[in-house]
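In what follows, a single structure is set out as structure tokens and then discussed.
The values are calculated or read from the model by the stated rules, or taken from the named source; none is laboratory data. Worth saying up front: this structure is predicted, and the values here are computed from it rather than measured. Cβ: placed from backbone, ideal geometry, glycine included. Neighbour counts: every protein chain shown. Heavy atoms of the whole protein, side chains included, go into the accessibility calculation; ligands, DNA and RNA do not. Shrake-Rupley method; radii C 1.70, N 1.55, O 1.52, S 1.80 Å.
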Amino acid sequence: MRKIKKKKKPIVSLKVKLMIGLIVLVCGGVFGFFVSPWGKPVIAFAQKAYDVTCDKAHLVLDQVLVSGHIRTNQSDINSTLSLTQGMPIFDIDLEESRAKLLKLPWVKKVTVERHLPSTVFIQIEEKKPIAVWQNKKRYFPLDEDGKPIQDDKTVLGNLLLVVGQDAPKHTPALIRLLDEYKEIAVKVRSAVRVGGRRWNLILNDAEAGTEIYLPETGIGTALARLQQLNEEGQILKRDLKVIDLRLPDRLIVRTQKGGAS
């Protein structure tokens, strides 16, 4: 029988062992020095030398330039970043600054750049409001995705007012449909979600205007029908309280005095 030779274990050379030992020794010595009473003054001296060098080279923050902001206040940007004039410009963490700015309500995208010797440049792209959501007596703008913007102080009276717990996520689709029927869209002041299933549109006056009852499905078809009725008989100019479009084969209207037909 042939004897099976055992594989020899690799022998770590003396040079490698010495190298590893030297690295451990140096790292331990450096660490020990900096945590010792003598290390703190050295660190303080190095920091001071760094600050003086930056100052003499004029590599200190002199100004923060911001572009693209309309509803984001400069004061909010300053307080968010906590930058101070005269600080070493290389102390500013650009990625951290960007992450902080993205938490501001209106900021959608942002870039932060260091322009040597002394300027930080911030380019902001803000969210575009498409409607205002009324929720528990507070008013929040909605962005293009139907997400509430956490700002209930800014007044946006020229936008569609939507009401209902689930209104935000359904608002972009409604607005896209209304954009196809401009003559109707310009008259719509508010839209109310009914039972989490469908919309009522309110024309001309958000509180006392004509109500349009839309169906649960086929909203585009109902709006096309309303537009045709308006072109043929100027129905939107009549003194009506309700125009009910929920049934595809029937039109129910109610006058301001309460009569239905």
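Values computed for the structure shown
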| item | result |
| --- | --- |
| Residue match in region 86-94 (condition: open to solvent by less than 40 Å² (accessible area, probe 1.4 Å) and at positive phi) | no |
| Which numbered condition VAL110 misses (of (1) over 30 Å from ALA173 (Cβ atoms); (2) of a type in the set (Val, Ile, Thr); (3) in contact with a strand residue (DSSP E or B) (Cβ under 6 Å, 6 or more places away or on another chain)) | (1) |
| Strands (runs of 3 or more DSSP E) wholly inside region 112-165 that include at least 3 residues being closer than 30 Å to ILE89 by Cα | 119-126 |
| Cβ-Cβ under 6 Å pairs, at least 6 apart or on other chains, region 113-128 side open to solvent by 70 Å² or more (accessible area, probe 1.4 Å), far side hydroxyl-bearing (Ser, Thr, Tyr) | GLN123/SER67; GLN123/THR111 |
| Qualifying strands (runs of 3 or more DSSP E) (wholly inside region 173-261; at least 1 residues being small (Gly, Ala, Ser), under 30 Å from the mean Cα position of the chain (by Cα) and crowded, with 16+ Cβ neighbours inside 10 Å) | 188-194 |
| Members of region 73-85 found to be surrounded by 11 or more Cβ atoms within 10 Å (Cβ to Cβ) and either of a type in the set (Lys, Arg) or not in a helix (DSSP H, G or I) (or both), listed by number | ASN73, LEU83 |
